[in-house]
1. Just need a number here: residues in region 49-65 that are part of a helix (DSSP H, G or I) and either exposed (fewer than 12 other Cβ atoms within 10 Å of the Cβ) or at positive phi (or both).
2. Would region 7-14 turn up any residue that is basic (Lys, Arg) and within 9 Å of the chain's Cα centre (by Cα)?
3. Applying the selection to region 1-24, what residues are among the small types (Gly, Ala, Ser) and outside any loop (DSSP other than H, G, I, E, B)?
4. Is there any pair linking a residue in region 42-65 that is farther than 24 Å from residue 28 by Cα and aromatic (Phe, Trp, Tyr) to one that is open to solvent by 90 Å² or more (accessible area, probe 1.4 Å) and in a loop (DSSP other than H, G, I, E, B), with Cβ under 8 Å and at least six apart or on different chains, and which?
5. Quickly run through region 25-48 and pick out the residues that are assigned to a strand (DSSP E or B) and open to solvent by 80 Å² or more (accessible area, probe 1.4 Å).
Amino acid sequence: MAKMKTKKAAAKRFKLTGTGKLKRMKAYKSHILTKKTTKRKRNLRKATITDASNVKTMKKIMPYL
């Protein structure tokens, strides 16, 4: 059987924490920032944990993570 391939786009966006959870950066921080409040932009800087409903899919497309 052939080796499973990692989806490189996903591998660049997700990192595995020490406890096995997936860490990601938040969206909506790239453009049209003038209408967003400072508080909102500040909260978008922080990394967050991927939702449990998506973890199964993420582990499937990144088998060697």
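The values are calculated or read from the model by the stated rules, or taken from the named source; none is laboratory data. Since we're looking at a predicted model, the values are computed, not measured. Here Cβ is always computed from backbone atoms with ideal geometry, including for glycine, and neighbour counts include all displayed protein chains. Keep in mind that these areas ignore ligands, DNA and RNA; they rest on the heavy atoms of the full protein, side chains included. Shrake-Rupley method; radii C 1.70, N 1.55, O 1.52, S 1.80 Å.
1. Counting residues in region 49-65 that are part of a helix (DSSP H, G or I) and either exposed (fewer than 12 other Cβ atoms within 10 Å of the Cβ) or at positive phi (or both) gives 5.
2. Scanning region 7-14 turns up at least one residue that is basic (Lys, Arg) and within 9 Å of the chain's Cα centre (by Cα).
3. Answer for region 1-24, where residues must be among the small types (Gly, Ala, Ser) and outside any loop (DSSP other than H, G, I, E, B): 9, 10, 11.
4. Final answer for the pair search is 64/4.
5. Selection gives 25 alone.
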